[in-house]
Structures are given as C-alpha cells and as structure tokens.
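Structure, as structure tokens:
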Amino acid sequence: MWAQQVAFWIIAVAMGLSAIGVVRSRNVVHAALFLVVVLAGSAAIYILLLAEFVAWVQVLVYIGAIVVLFLFGIMLTRAPMRDDAGKLDNDQRLASGVVSLFLFGVLTVFLIDAFSDQKIRFTDSLVAQGSARAVGSDIFHQYVIPFEVVSMLLLAALVGAVVLARRD
Amino acid sequence: MPINYFLILSAFLFCAGAYGVVARRNSVLVLMSVELMLNAVNINLVAFSTGLHDVAGQVFALFVITIAAAEVGIGLAIVLLIFRNLRSPDLDRVEQLKG
C-alpha cells in the first residue's frame, strides 16, 4: 500500500507537469514529447490500477501510433521547429486559464465531496479482471455489437481520411 | 488507496486539455489537447473499473482509445486540408463558413 502511494505520487507529479508542458510549450515538437510522457504516465497508472491489458493497448496505440501521427502532422504542416513565442497561442490565454482553473476547482470540490469515503481495495481477483482473457471475453460476449460498430467506425474514418487528404 | 487520487489527477489533466483547446492557435496542438482530455476520461473509467470490481470500465476505455485513434486520423487529414488551402496551420485564420 505504501509503495503504491509513493509510485502514484511520482507518476502523478510527472504527468501533471508534462500536461502543463503540452499546453504551454513554445515548441511544437517539445509539446509532442511532453504528450508522450503524459501517455506513458497514464499507462503506468493503469498498471497501478491492475488494468494490465488496457495499459499495453495504451502503449501500443497511443505512444506507438498516435504520437507518430502527430509527428507526421507537425512535419507536414511545416510547423516551426525552433522556439516561437506568441505564434502558437492566441490571445485568449488569460481567459481560458481562469476558466480551466475554475473548472478544476469546482471538479475537485465535488469529487472530494462525493467520493472521499470510497477506497480501492486491491485483491487477487482484480489481477485476473485486468488480464487480456477477462477483458476479451467481456468484449466478445457482452459488448460484441459495440465492438462491431467501432470496427465500422474505424473503416469509415479510414475512408474519410483518405478522401480528405487526397490531392486531385 | 482512495479513489479520489485518480479522479483528481484525471480532473487536472482534463482541465489542462480544456485550457489547451481554447488557448492554442496551432491546430496540431489543439488536437494534442483533445487527446489529453480523452486520456483523462480513460483514467476515470479504469479507476472506477478497479474500484467497483467491474470489467466494463476497462472495455469502455478500450473503445475510447479506438475512437481517439480514428479521431486523430480524421483530424490530421482536416489539418492538412486547412494547411493546403490557407498555407498556415493556424485555426484563427479559418473564418469562412462558405467557400
């Protein structure tokens, strides 16, 4: 229990600082690399929550595929690779900072009010629950129709991306 | 371990993403902030899945990851289209609704 708390705080501080880096960095490539830290941190959080399969899917899909897509997008839009103040942000920084701080305050107050008595009890059955066997069996028994719908959505997104990006 | 730790971390990531969506001008960075918000939702889902001993939350986290991948594909195609038409990835130059 003690080791889990220490691990959580290390991961959470790294994720929080990197999330601020994603939205405040003055260099587009640095923002993408900060995003990698946030995504890897949430994979570590999933491991901490004993959700092993979701953690590895997170590493494969997010860090392996989505970040590479982002880096391609940065290269193809010829974003300035050097530090470029002022160009990456618009002039709503102050207002949106106030709004998101207010949102965070409200969310924190309500979360503490609602869930402060709930604790996660880690048991041995939770390890089996996070395995690929349990998650896969749940997908293919109970959630098979949403699974098929999501695969159709991926096909539609594939065709749509090709149609949008084609040059003719 | 209190479930609130995970929920407040996720709320923080969500608010950082919301800040980025509003305050960023470069469209690729706006997409990155949207990913941050989706990731916050995933942490919530997995935390409740473990807290309530129900695997459904992890299944939905997998669906969210899939839809995020589709969203980034389409989003970057749109960003490329904006860049090709306006010679700039800045979102505040996209102001015409009628071609």
Original post:
Can you pull the percent of the range B:3-93's accessible area that's carbon plus sulfur, 1.4 Å probe, other chains left in place?
Top reply: 71 percent
**OP:** Grab the DSSP H runs of chain A that are 4 residues or longer, score each as -39,500 (n - 2.57), total them, divide by all residues and round the 222 nm result to the nearest 500 deg cm²/dmol.
**Re:** -23500 deg cm²/dmol
**OP:** Sort A:VAL109, A:VAL54, A:VAL29 from largest to smallest accessible area, using a 1.4 Å probe on the heavy atoms of the protein chains.
**Re:** A:VAL109, A:VAL29, A:VAL54
Subject >> Summed residue charge, Cβ within 12 Å of B:ALA77's Cβ, Lys/Arg positive, Asp/Glu negative >> reply: +2
Subject >> Accessible surface, per residue, of the range B:3-93 when the full set of protein chains is kept, probe 1.4 Å, Å² >> reply: 30 Å²
**OP:** Output the residues of the range A:52-81 meeting this criterion: accessible area (heavy atoms, 1.4 Å probe) in the chain alone minus accessible area with all protein chains in place is 40 Å² or greater.
**Re:** A:VAL54, A:TYR62, A:ILE66, A:LEU69, A:PHE70, A:LEU76, A:THR77
Subject >> chain A, accessible surface, carbon-and-sulfur percent (1.4 angstrom probe) >> reply: 72 percent
Original post:
Considering only protein heavy atoms, what is the solvent-accessible area of A:VAL99 at a probe of 1.4 Å, reported in Å² to the nearest 10?
Top reply: 100 Å²
Original post:
Roughly speaking, what is the centre-to-centre gap between the range A:8-34 and the range B:22-37 when only Cα atoms are used, to the nearest Å?
Top reply: 13 Å
**OP:** Please arrange A:GLU148, B:GLU35 by accessible surface area, largest first, computed with a 1.4 Å probe and ligands excluded.
**Re:** A:GLU148, B:GLU35
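The values are calculated or read from the model by the stated rules, or taken from the named source; none is laboratory data. Worth saying up front: this structure is predicted, and the values here are computed from it rather than measured. Note that we place each Cβ from the backbone using ideal geometry, even for glycine, and neighbour counts take in every protein chain shown. We work out accessible area using only protein heavy atoms, side chains counted, and drop any ligands, DNA or RNA first. Shrake-Rupley method; radii C 1.70, N 1.55, O 1.52, S 1.80 Å.
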